[in-house]
Amino acid sequence: MKDVGDDHRKNLITVPSCDEHNLKKTKDDEFLMTFITGHVKNNFVGYKQTKSKLRRALDRKYDGFINSVLKDSKELIKTSNGTQFPVIAGTPDLDRVKKCIEHISYGLYFHEYGKRFKGEFRVVYDFVTYQDDYVNKLIPYFHDVYKKETEKYPIKGDNPEIFTYQIVPSNEFGIIGIKLSFFEGTHFFVSLQAENSPEPFDLGFKMIQDSFKTTLKFDGKVYDSN
């Protein structure tokens, strides 16, 4: 309320947690808030949060705070024509981001199904540049596949300007898809594969991993991997 002028803490999702793990998550929560809030594609609520709560945190402990979120951070971005923008950019700590999103995904699974998830977790980000160029070229593909798959299912979350999620039920490989959206502009595409499920196989992705030039088609669009 103090930072954005409205109460966005409505019907918050809660799940059981022991004190030890709950307390350990506090710093990760602060890290994730810093990482997500300032994303340039976010809505106005995210912008106001950046200008208030995040700004206060930066004023208190700038160097250590930023370096814990972005390595080799820079405060000015220069375009090819020389124009400068006051944007903080750097290399994100994706291992820590993954850990945070994993906790949220497991919590949502428990909230939806009333039991703990056991199996493999994977996540794709649509807002970072990967070292593997073929992955960058496939991000639009993942984005369109999840958009098409999730449109059949309800958008959940009582604070849609802050956070929503959609769940695609388990398929023949025991994989559940989850799309997480923060501030309407930062998206994570998650897959949870239950333990003892058959290993999924897709010829197209196998060829991409083996460095073959591959073209994927989905919903009338064409995606070249390399």
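Does Asn171 satisfy the condition of being over 16 Å from the mean Cα position of the chain (by Cα), closer than 17 Å to Val45 by Cα and either surrounded by fewer than 19 Cβ atoms within 10 Å (Cβ to Cβ) or of a type in the set (S, T, N, Q) (or both)?
On the way: over 16 Å from the mean Cα position of the chain (by Cα): yes; closer than 17 Å to Val45 by Cα: no; either surrounded by fewer than 19 Cβ atoms within 10 Å (Cβ to Cβ) or of a type in the set (S, T, N, Q) (or both): yes.
No, not satisfied.
Which of the residues that make up segment 31-80 are at pLDDT 80 or above and of a type in the set (Lys, Arg)?
Once the filter is applied, which keeps residues that are at pLDDT 80 or above and of a type in the set (Lys, Arg), segment 31-80 yields Lys41, Lys48.
When you scan segment 145-154, do you find a residue that is in contact (Cβ under 8 Å) with a residue 60 or more places away in the chain, out of contact with any Cys (no Cβ under 7 Å at 6 or more places or on another chain) and surrounded by 15 or more Cβ atoms within 10 Å (Cβ to Cβ), even just one?
Step one: of segment 145-154, the residues in contact (Cβ under 8 Å) with a residue 60 or more places away in the chain are 145, 148.
In the following step, the residues that additionally are out of contact with any Cys (no Cβ under 7 Å at 6 or more places or on another chain) were identified as 145, 148.
Cutting the leftovers down to surrounded by 15 or more Cβ atoms within 10 Å (Cβ to Cβ) gives us 145.
So far as segment 145-154 goes, yes, one or more of its residues are in contact (Cβ under 8 Å) with a residue 60 or more places away in the chain, out of contact with any Cys (no Cβ under 7 Å at 6 or more places or on another chain) and surrounded by 15 or more Cβ atoms within 10 Å (Cβ to Cβ).
Do you know which of the residues in segment 1-43 that are among the hydrophobic types (A, V, I, L, M, F, W, C) and not in a loop (DSSP other than H, G, I, E, B) is surrounded by the fewest Cβ atoms within 10 Å (Cβ to Cβ)? Spell out how you get there, then give the answer.
Our first condition is that a residue be among the hydrophobic types (A, V, I, L, M, F, W, C); within segment 1-43, this holds for 1, 4, 12-13, 15, 18, 23, 31-33, 35-36, 40.
The next check asks that each one be not in a loop (DSSP other than H, G, I, E, B); those that pass are 23, 31-33, 35-36.
Values: Leu23: 10, Phe31: 18, Leu32: 20, Met33: 18, Phe35: 20, Ile36: 22.
That would be Leu23.
For segment 24-53, enumerate the residues that are free of Cβ contacts under 8 Å to residues at least 12 places away in the same chain and farther than 17 Å from Tyr106 by Cα.
Here is the first cut: in segment 24-53, the residues free of Cβ contacts under 8 Å to residues at least 12 places away in the same chain are 24, 26-27, 44, 47, 51.
The answer is Lys27, Phe44, Tyr47, Lys51.
For the condition modelled with pLDDT of 80 or more and either of a type outside the set (A, V, I, L, M, F, W, C) or in a strand (DSSP E or B) (or both), what is the one hit in Tyr141, Tyr134, Tyr165? Full working, then the answer.
Numbers: Tyr141 fails: modelled with pLDDT of 80 or more; Tyr134 fails: modelled with pLDDT of 80 or more.
Tyr165 is the lone residue from the list that is modelled with pLDDT of 80 or more and either of a type outside the set (A, V, I, L, M, F, W, C) or in a strand (DSSP E or B) (or both).
What tally of residues in segment 183-226 results from selecting those that are under 24 Å from Arg116 (Cβ atoms) and either at pLDDT 75 or above or outside the structural domain of Gly107 (by TED's automatic domain parsing) (or both)?
Applying the first criterion (under 24 Å from Arg116 (Cβ atoms)) to segment 183-226 yields 188-200.
If we keep only those that are either at pLDDT 75 or above or outside the structural domain of Gly107 (by TED's automatic domain parsing) (or both) too, we end up with 188-198.
Total satisfying the criteria: 11.
So, in segment 114-144, of the ones that are of a type outside the set (D, E, K, R) and without any contact (Cβ under 8 Å) to a residue 24 or more places away in the chain, which residue ends up farthest from Val168 (Cα to Cα)? Give the derivation first.
Kept after step one, since they are of a type outside the set (D, E, K, R), are these residues of segment 114-144: 114, 117, 119, 121, 123-125, 127-131, 134-136, 138-143.
Going one step further and asking which of them are without any contact (Cβ under 8 Å) to a residue 24 or more places away in the chain, we end up with 114, 129-131, 135-136, 139.
Details: Gly114: 16, Thr129: 26, Tyr130: 25, Gln131: 29, Val135: 22, Asn136: 24, Ile139: 19 Å.
Once the filter is applied, the top-ranked residue is Gln131.
Would you check if there is a residue in segment 148-162 being at pLDDT below 85, under 16 Å from the mean Cα position of the chain (by Cα) and over 18 Å from Val15 (Cβ atoms)?
Yes, some residue in segment 148-162 is at pLDDT below 85, under 16 Å from the mean Cα position of the chain (by Cα) and over 18 Å from Val15 (Cβ atoms).
The values are calculated or read from the model by the stated rules, or taken from the named source; none is laboratory data. Quick caveat, the model's predicted, so the values are computed rather than measured. Note that each Cβ is placed from the backbone with ideal geometry, even for glycine, and that neighbours are counted across all protein chains shown.
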